[in-house]
Amino acid sequence: MRRLTAPAQGTKSNLGNAKQSTLMHLLASGINHKTAPLEIREQTVIAAEDVVDALRDITTNGTAVEAAILSTCNRTELYCSLSGDDGDHAIRWFWDNYQPAAIDIRPYLYKHRGADAVRHAFRVACGLDSMVLGEPQILGQMKEAFATAHGAGATGKFLNRLFQHTFSVAKRVRTDTAIGASAVSVAYAAVTLAKQIFSQLSEKTALLIGAGDMIELCARHLREQGVHRMIIANRTLERARALADPLGAMPISLAEMPPRLSEADIVISSTASQLPILGKGAVESALKLRRHRPMFMVDIAVPRDIETEVGDLSDIYLYTIDDLKDVVHENLQSRLQAAREAENIIDTQVTRFMRWLKSLEAVPRIRALRETAYAVREQELERARRRLARGEDPQVVMARLAHALTNKLMHAPTTALRQAEHEDDTPLASLGKLLNLPEED
């Protein structure tokens, strides 16, 4: 992540006090593969090592009370709770400080508030907002994003509840629908595309660059499709070996990759590098050694691992993550019914979450009601004690105590009922139910 401008400096975190408020406004804002092209998304990725600083900035300067950041190859999103309804201020602050200055992010930005923010979180976790409908990787990425925010002390009652509910909804959708019945993901789409380029994958050699979850999925899918010879290249050889050994693949370091590139018929790259790791010159050299036998290359990294100019070379079939959309589309039809079922589950769960959120607004009133009742009780008890100390008849004192408590505790609801009789818009039945009154015949 490149922070182009310095964030406003807060003197002290407002988390401790503000989180005590029960009236909170939820906000979700960001860009994704639907709203922004790859060249925009790859410039707005927030590196994992910078996320904690970003969270601390936004929660210590009063912009947001709680915050979490989800930044993947297909989306960068901010989830936050606000003590006021000025969500636009939080959005402006975040993107002003965490985007390249040369980009106007506004045309690509979406923002959701309240129930819409809750629904968005649920849909993202269930894979309904993904490039590949129903893909499961995003749930793990959301869990990691929440764990980072929680560990940084940037979440509280509201986001904790939101994300836990989100994970529960995602689990239910995968259990109750066929959204995850088959292996559909960006990795699966990449392997499907390789099958369209090469009719016999079993005779091909695959070079996988990186050692993260996406590369592991690609390796497993390739193995399932009969690819027997795979090379895993990673910056750390130990990490490459940890992934390669269970799959029977060959681990190498990135430094060893250039001379081995010519062996690869299939190249799939997904690293966290901020700069390309495969340039046009290296690929040209590999093509000469291969005597121009074609190479199929998929770059699913954001920012991109393979220079764009590589795609101009003859005998190179280079695809980016956005190119996979066409392959993904073929899998959509079988998932649409499951998606509709998932949306019904989400609608129900959004209503349930918003009821919980709404119930918190009653907490201060309930607390005030109890405190008032306790104060009346203590006042009347003290009067009763003084009467008993003067030697008054205990039976009379108890009767007066009961009478005084009844009158004082019933004064407010009695006044409310009388006032309601003169106001047409006041639901008398609801007041009666609230006060536990017997229904009239």
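Just one residue in the set D347, D322 is at pLDDT 95 or above and surrounded by fewer than 19 Cβ atoms within 10 Å (Cβ to Cβ); that residue is D347.
Just wondering, is there one or more residues in the range 263-276 that are loosely packed, with under 15 Cβ neighbours inside 10 Å and either touching a helix residue (DSSP H, G or I) at 6+ places or on another chain (Cβ under 9 Å) or small (G, A, S) (or both)? There is no residue in the range 263-276 that is loosely packed, with under 15 Cβ neighbours inside 10 Å and either touching a helix residue (DSSP H, G or I) at 6+ places or on another chain (Cβ under 9 Å) or small (G, A, S) (or both). Counting the residues of the range 311-322 that are touching a residue at least 40 places away in the same chain (Cβ under 8 Å) and not in a strand (DSSP E or B) gives 2.
When each of L324, L289 is tested for being at negative phi and within 25 Å of the chain's Cα centre (by Cα), the lone residue that passes is L324. Pick out the one residue from K288, K325 that is touching a helix residue (DSSP H, G or I) at 6+ places or on another chain (Cβ under 9 Å), basic (K, R), assigned to a helix (DSSP H, G or I) and free of Cβ contacts under 8 Å to residues at least 60 places away in the same chain. Just a single option satisfies the conditions, and that option is K288. If only residues of the range 64-82 that are touching a strand residue (DSSP E or B) at 6+ places or on another chain (Cβ under 8 Å) and in a loop (DSSP other than H, G, I, E, B) are counted, the one that is surrounded by the fewest Cβ atoms within 10 Å (Cβ to Cβ) is N74.
Checking the structure you have, find out if any residue of the range 231-240 is closer than 24 Å to Q43 by Cα and in contact (Cβ under 8 Å) with a residue 24 or more places away in the chain. Yes.
Just one of the numbered conditions (1) modelled with pLDDT of 90 or more; (2) farther than 21 Å from A338 by Cβ is not true of L139: (2). Looking only at residues in the range 34-57 that are in a loop (DSSP other than H, G, I, E, B) and touching a strand residue (DSSP E or B) at 6+ places or on another chain (Cβ under 7 Å), the one that is modelled with the highest pLDDT is T35.
I231 fulfils the conditions (1) surrounded by fewer than 22 Cβ atoms within 10 Å (Cβ to Cβ); (2) part of a strand (DSSP E or B) except for a single criterion, (1).
In the range 20-33, what residues are small (G, A, S) and either more than 15 Å from I105 (Cβ to Cβ) or assigned to a loop (DSSP other than H, G, I, E, B) (or both)? Even if it seems obvious, please write down each step before you answer.
The initial filter retains those residues of the range 20-33 that are small (G, A, S), namely 21, 28-30.
Matches in the range 20-33: S21, A28.
Cβ-Cβ contacts under 6 Å between residues 6 or more apart (or on different chains), taken from a first residue in the range 261-276 that is touching a residue at least 60 places away in the same chain (Cβ under 8 Å) and of a type in the set (A, V, I, L, M, F, W, C) to a second residue that is buried (at least 16 other Cβ atoms within 10 Å of the Cβ) and part of a loop (DSSP other than H, G, I, E, B), are listed as I266/K204. Selection of the range 293-310 for residues being assigned to a loop (DSSP other than H, G, I, E, B) and surrounded by fewer than 21 Cβ atoms within 10 Å (Cβ to Cβ) yields R293, P294, P303, E307. Taken together, the residues in the range 66-92 that are at pLDDT below 90 and under 29 Å from I321 (Cβ atoms) amount to 4.
Checking each residue in the range 350-377 for being surrounded by fewer than 12 Cβ atoms within 10 Å (Cβ to Cβ), closer than 26 Å to L409 by Cα and free of Cβ contacts under 8 Å to residues at least 60 places away in the same chain picks out S359, A362, R365, I366, R367, A368, R370, E371, Y374, A375.
The values are calculated or read from the model by the stated rules, or taken from the named source; none is laboratory data. All figures in this text were calculated on a predicted structure; none of them were measured in a lab. Counting neighbours? That spans all protein chains shown, and the Cβs are built from the backbone with ideal geometry, glycine included.
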